Amino acid sequence: MAMVFSPLTTSGCSSYCNLGLSWKSSSLFVELGFLSNGSKGVSAKPAELNASKVFRACASSSSDPLLVKAARRERVSRPPAWMMRQAGRYMAVYRKLAEKHPSFRERSETTDLIVEISLQPWEAFHPDGVIIFSDILTPLPAFGVQFDIEDVRGPVIQSPIRSEEGLKSLHSIDLEKLQFVGDSLRILRKEVGEQAAILGFVGAPWTIATYIVEGGTTRTYTKIKDMCHTAPHVLRALLSHLSKAIAEYIVYQVESGAHCIQIFDSWGGQLPPHMWDCWSKPYIDEIVGIIKRKCPQTPLVLYINGNGGLLERMKTTGVDVIGLDWTVDMADGRKRLGTDIGIQGNVDPATLFCPLPALTDEIKRVVKSAGTSGHILNLGHGVLVGTPEEAVAHFFDVAKSFDFDRVEDHVSEADKVVA
């Protein structure tokens, strides 16, 4: 997964207007270079596009999406809601598309397919956030790391980096090789308008480095943890390179149309807290610092799987929102983090397999524990394969049924009675 923002509006690093056009039918996207007339969705080189001029000529006439307001801890009438992995194999429409396009990299690196898949949950459930269909490994070839995705093994790095010699393959990120991401975000921003936030995302340096060093997915992280002690200079050089490339990639996504960016330090929770302080946090800090200077209005969300021991440390990175996994009690998480930062989550994904009344109760418990300010309702991890679509629809229906204004009115009346 991965993504974006822009410069002249309050919601990002640039301004956009909703032209009210269908992404599939409009020839304007072809004329602007966002789509070719072919099936690959390949567009002109970034230098040839004048899309930014079109966007900047149109001032946003609508208010920021609900999710953006909540991320900034502004007043909202209900908790905005979206789901990690909300586009994917649990949806029948996605499985049908995947039969025609069995390669994950084709699906996640072809503009037409990215847009279609990203919009599938939007069309079905109307969540408050539409996240681009991508992967945290997507940008790797753009800075010199080639990878494949195999059916059984998953991601496979062709040449793992574990030495100074391996570092020589790295180069500055070439954003032209990621144009399908930028084009997709622009189209999504036009299609959805301000009805929902367009979400981009990246992997944190430590998490990306685990794949590059280990050579793919791992359950033990022994090679990279060994490097912390046997080749720390190599690992630091790799992490530093990644932090610069990822920061550039975030800015690119933002300038392409994302309202908000989520940073996934998915494997940061595999580090003891003192090692996370040394090997992950400094590089997240660097990225956040760059984005806050270049795109100060862009909310940043930080999510770590297994983050119960890291919450206070995560807050010091300077992000706007902390995502909680489902193993952290929401009330405890809010108490530990305070009310001066946003919080996201954290319904257990398995709850979507339970009877709908049980799901309703769990959503209400999470929302009540998080409070009425600065909460984005989400799962504590991604949607599980096999999740009933009916349960996903119910999740969003319940989210939209909350009325914080009514709750606050009741509280005010109670205060008067007590007085």
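Under 5 Å from the amide H of Q344 lie the amide H atoms of I322, G323, L324, I376, each residue being 5 or more positions distant or on a separate chain, with H modelled from the backbone and absent for Pro and chain starts.
How would you rank 221-229, 309-317, highest first, on the average number of other Cβ atoms within 10 Å across their residues?
Taking the mean over residues of other Cβ atoms within 10 Å, the ranking is 309-317, 221-229.
For the peptides 74-87, 352-365, the ranking by mean Cβ contacts within 10 Å, running from highest to lowest, is 74-87, 352-365. Taking all Cα pairs closer than 8 Å and separated by 6 or more residues, the relative contact order of segment 238-358 comes to 22 percent. With the Kirkwood sum run over all distinct C-alpha pairs, segment 284-396 has a hydrodynamic radius of 14.8 Å.
Projected over all directions and averaged, the alpha-carbon convex hull of segment 118-239 occupies 9.0 nm².
For K244, give me every one of the aspartates and glutamates with a C-alpha distance below 13 angstrom, ignoring sequence neighbours fewer than eight places off in its own chain. Reachable aspartates and glutamates: D174, D285, E286. For Q262, the residues whose modelled amide H falls within less than 5 Å of its own, excluding neighbours fewer than 5 places apart on the same chain, are G200, F201, V202, V301.
One chain, two ends: S77 and S373. Fully extended at 0.36 nm per residue, the span grows by 105.6 nm beyond their Cα-Cα distance. Summed over all non-identical Cα pairs, the Kirkwood treatment of segment 143-207 gives a radius of 14.9 Å.
Subtracting the Cα-Cα distance of D151 and K400 from their residue separation scaled by 0.36 nm leaves 85.9 nm.
Subtracting the Cα-Cα distance of S159 and V93 from their residue separation scaled by 0.36 nm leaves 20.2 nm. Taking all protein chains together and rolling a 1.4 Å probe, F404 ends up with roughly 10 Å² accessible. The simple spin-label model puts a point 7 Å past each Cα toward its Cβ; for K364 and S103 those points are separated by 5.0 nm. Normalised by the number of residues in segment 68-136, the mean separation of alpha-carbon contacts (under 8 Å, six or more apart) gives a relative contact order of 33 percent. Put a dot 7 Å past the Cα of D174, heading toward its Cβ, do the same for D285, and the two dots end up 3.4 nm apart.
Evaluate Rg over Rh across segment 85-165, taking Cα atoms for both radii and Kirkwood's formula for Rh.
Rg divided by Rh gives 1.05.
The values are calculated or read from the model by the stated rules, or taken from the named source; none is laboratory data. Please read all numbers here as calculations on a predicted model, not as lab measurements. Counting neighbours? That spans all protein chains shown, and the Cβs are built from the backbone with ideal geometry, glycine included. Heavy atoms of the whole protein, side chains included, go into the accessibility calculation; ligands, DNA and RNA do not. Shrake-Rupley method; radii C 1.70, N 1.55, O 1.52, S 1.80 Å.
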